[in-house]
Amino acid sequence: MKNVDLVIFDCDGVLVDSERITNTVFAEMLNELGLSLTLEDMFEQFVGHSMSYCLELSEKLLQRPVPNNFEKEFHERSAIAYQTSLQPVPGIVDLLQGLEIPYCVASNSTHQEMQVTLGITQLLNYFEGKRFSVADVARGKPYPDVYLYAAKQMSVVPNRCVVIEDTAIGVRAAVSAGMRVFGYAKLTPAHQLEEEGAISFTDMQRFIELLSNLSLS
């Protein structure tokens, strides 16, 4: 892996299998307000974006503000669902234990959200001192800010970073940062990730092999 100095993981959908849970909750809450959104709609329009963007989009679709307690209730309902359903992404623990180069996480989630999801899935200790959030930067994904910030904090230049993303929005952010990107195509179709510039894959246990092949190119 001679040409790679840092692996940057997205959080939701890459480290923790949370995307289906949170988007089901979000869709249920919007439908309670009068919309008719499916889980597929959520993945098409909301996944990968920051909470602020999702709230703005929700108000645009509703043509009125969401209730004042909407975000708080969303986090509360998601937390309940996490306690019974949230799991690490299959193969991620073996990957983290086998990775021989530095790594970190850079997410559109807040620090508090990552604390919860990584804590429940017992991944928190793997990322002590190397968790970077949309709250640390001016703009969330699809802008490259959080990836550039993570690289700077880890003292690695962008073109020697590799990112693992699971959404087209996230891939676009990492490519804009000048980083090479692998797209974990479990929920997002591979072609959508590839169209944004990612190398798609579906098995975390194969990532180190894929990374080794990349670094030799």
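The values are calculated or read from the model by the stated rules, or taken from the named source; none is laboratory data. Quantities reported herein were computed from a predicted structural model and do not represent experimental measurements. Positions of Cβ are backbone-derived with ideal geometry, glycine not excepted, and every protein chain shown enters the neighbour counts.
Find the residue count for region 179-203, including only residues that are among the polar types (S, T, N, Q) and under 14 Å from the mean Cα position of the chain (by Cα). Spell out how you get there, then give the answer.
Within region 179-203, the subset among the polar types (S, T, N, Q) is 188, 192, 200, 202.
If we keep only those that are under 14 Å from the mean Cα position of the chain (by Cα) as well, we get 188.
Looking only at that region, the number is 1.
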Which of the numbered conditions does residue 130 fail, given that it passes all the others? Conditions: (1) among the basic types (Lys, Arg); (2) touching a residue at least 24 places away in the same chain (Cβ under 8 Å); (3) more than 21 Å from residue 97 (Cα to Cα). (3)
Out of 93, 163, 157, I need the residue that is buried (at least 22 other Cβ atoms within 10 Å of the Cβ) and outside the structural domain of residue 49 (by TED's automatic domain parsing). Which one? 163
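Just to be sure I understand, how many residues within region 67-87 are outside any helix (DSSP H, G or I) and under 16 Å from residue 115 (Cα atoms)?
The total comes to 2.
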Failed criterion for residue 84 (all others in (1) β-branched (Val, Ile, Thr); (2) closer than 24 Å to residue 45 by Cβ; (3) surrounded by fewer than 19 Cβ atoms within 10 Å (Cβ to Cβ) hold): (2)
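Per-residue answers, yes or no, for (1) surrounded by 14 or more Cβ atoms within 10 Å (Cβ to Cβ); (2) closer than 26 Å to residue 125 by Cβ; (3) in the same structural domain as residue 171 (by TED's automatic domain parsing):
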{"residue": "37", "(1), (2), (3)": "yes, no, no"}
{"residue": "51", "(1), (2), (3)": "yes, yes, no"}
{"residue": "61", "(1), (2), (3)": "yes, no, no"}
{"residue": "67", "(1), (2), (3)": "no, no, no"}
{"residue": "79", "(1), (2), (3)": "yes, yes, no"}
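Looking at residue 109, is it of a type in the set (Ser, Thr, Tyr) and in the same structural domain as residue 27 (by TED's automatic domain parsing)?
Values: of a type in the set (Ser, Thr, Tyr): yes; in the same structural domain as residue 27 (by TED's automatic domain parsing): no.
Here the answer is no, as residue 109 does not meet what is asked.
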Selected residue (criterion: nearest to residue 94 (Cα to Cα)) from residues of region 177-204 that are of a type in the set (S, T, N, Q) and in contact with a helix residue (DSSP H, G or I) (Cβ under 6 Å, 6 or more places away or on another chain): 200
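Could you tell me which residue of region 104-125 is farthest from residue 23 (Cα to Cα), considering only residues that are of a type in the set (Ser, Thr, Tyr) and surrounded by 19 or more Cβ atoms within 10 Å (Cβ to Cβ)?
So the first thing to find is which residues in region 104-125 are of a type in the set (Ser, Thr, Tyr), and the list is 107, 109-110, 117, 121.
Those left that are additionally surrounded by 19 or more Cβ atoms within 10 Å (Cβ to Cβ): 107, 109, 117, 121.
Working: 107: 16, 109: 14, 117: 15, 121: 18 Å.
Ranking the candidates gives 121 first.
Taking residue 24 as the residue in question, decide whether it is over 21 Å from residue 200 (Cβ atoms), in contact (Cβ under 8 Å) with a residue 12 or more places away in the chain and not charged (D, E, K, R). Outline the logic, then answer.
On the way: over 21 Å from residue 200 (Cβ atoms): yes; in contact (Cβ under 8 Å) with a residue 12 or more places away in the chain: yes; not charged (D, E, K, R): yes.
Taking the combined requirement at face value, the residue satisfies it.
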Checked pairs for region 86-110, first over 11 Å from residue 15 (Cβ atoms) and among the aliphatic types (A, V, I, L, M), second at pLDDT below 95 and surrounded by fewer than 18 Cβ atoms within 10 Å (Cβ to Cβ), C-beta under 6 Å and 6 or more apart or across chains, list as 101/1
